[in-house]
1. On average, how much accessible surface per residue is there in the stretch 67-215, in Å², for a 1.4 Å probe, leaving out ligands, DNA and RNA?
2. Tell me, what % of the accessible area of the stretch 153-215 is carbon and sulfur with a 1.4 angstrom probe?
3. Residue 73: net charge of surrounding residues, Cβ under 10 Å, Lys/Arg +1, Asp/Glu -1, itself excluded?
4. Considering only the other residues whose Cβ falls under 12 Å of the Cβ of residue 15, what net charge follows from Lys and Arg at +1 and Asp and Glu at -1?
5. Can you give the Rg to Rh ratio of the stretch 1-113, both from alpha-carbon atoms, with Rh computed by the Kirkwood formula?
6. Quantify, in whole percent, the carbon and sulfur part of the accessible surface of the stretch 40-97 (1.4 Å probe; protein heavy atoms only).
7. To the nearest 20 Debye, how big is the dipole of the chain about its Cα centre, given +1 on the beta carbon of each Lys and Arg and -1 on that of each Asp and Glu?
8. Could you give the length gained on full extension between residue 95 and residue 128, defined as 0.36 nm per residue of separation minus the Cα-Cα distance, in nm?
Amino acid sequence: MYDVIIIGKGPAGISASLYIKRANLSVMVIGKSIGALEKAKTIENYYGITATGKEIAEAGIKQAEELKIPIKTEEVLSISYDNTFIVTTNKDEYEAKVVLLATGTNRISPNINGLREFEGKGISYCAVCDGFLYRGQDVAVLGNGEYALHESQELANIVKTVTILTNGKSNIDSNKLQGKILINEKIIKEFEGDSIIRKVKFEDKTELIIRGVFV
């Protein structure tokens, strides 16, 4: 039995495991993947480090392994409690006094042709992280609510223009738009480019030339 089982092996889960182990408690980490960090092509805003998200995540996992922290690449199916916690995965069962959830959240991406192809090649999931790379250029934000508007406002101070692509929907208050922020409510057919994304093509056969898209 472990003192703590952590569910999630992204940065939060691995960081927690290091502190728990150094507090002389037994700890195990269980997770399917490193999460959204894996999609980060280059991280340049973390002190002293320039690397891919995958490289940073792997470095953290290596730290944990050097402390002899067991890390299981398994899917958690259920958690039950009977004086202690029982964590059931697709491979085994584990017992702990405490369970710490560090699962983060999955980003839901629309099924649009080209979106997966250009991830890390102009398609980003973090305006705060990557906006600086597109300073002075025309970019788009894919979304139709308050969060899309917030990301657009973050970008407006950096880029030339921001077009919110609502993909046929809109829950955005136009009164909150700044001069650099536009709305395009057309249905998207696909994203196109070469080595990087270059344009958005719509169902009505019109196009929008852009340099980056933030989902």
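1. Details: 8650 Å² over 149 residues.
Counting only protein heavy atoms, the per-residue value for the stretch 67-215 is 58 Å².
2. Looking at the stretch 153-215 in its full context, I get 44 percent from C and S.
3. Surrounding charge for residue 73 is +2.
4. Result for the local shell: +3.
5. Working: Rg = 15.2 Å, Rh = 15.0 Å.
Here Rg/Rh amounts to 1.02.
6. Of all accessible area on the stretch 40-97, carbon and sulfur atoms account for 47 percent.
7. Value, rounded to 20: 420 debye.
8. Working: separation 33, 0.36 × 33 = 11.88 nm, distance 3.92 nm.
The span from residue 95 to residue 128 would gain 8.0 nm if fully extended.
The values are calculated or read from the model by the stated rules, or taken from the named source; none is laboratory data. This structure is a prediction, so every number in the text was calculated from the model and none was measured. Methodologically, a virtual Cβ is constructed for each residue, glycine included, from the backbone with ideal geometry; neighbour enumeration extends over all protein chains shown. SASA here: full protein model, heavy atoms, side chains in, ligands and nucleic acids out. Shrake-Rupley method; radii C 1.70, N 1.55, O 1.52, S 1.80 Å.
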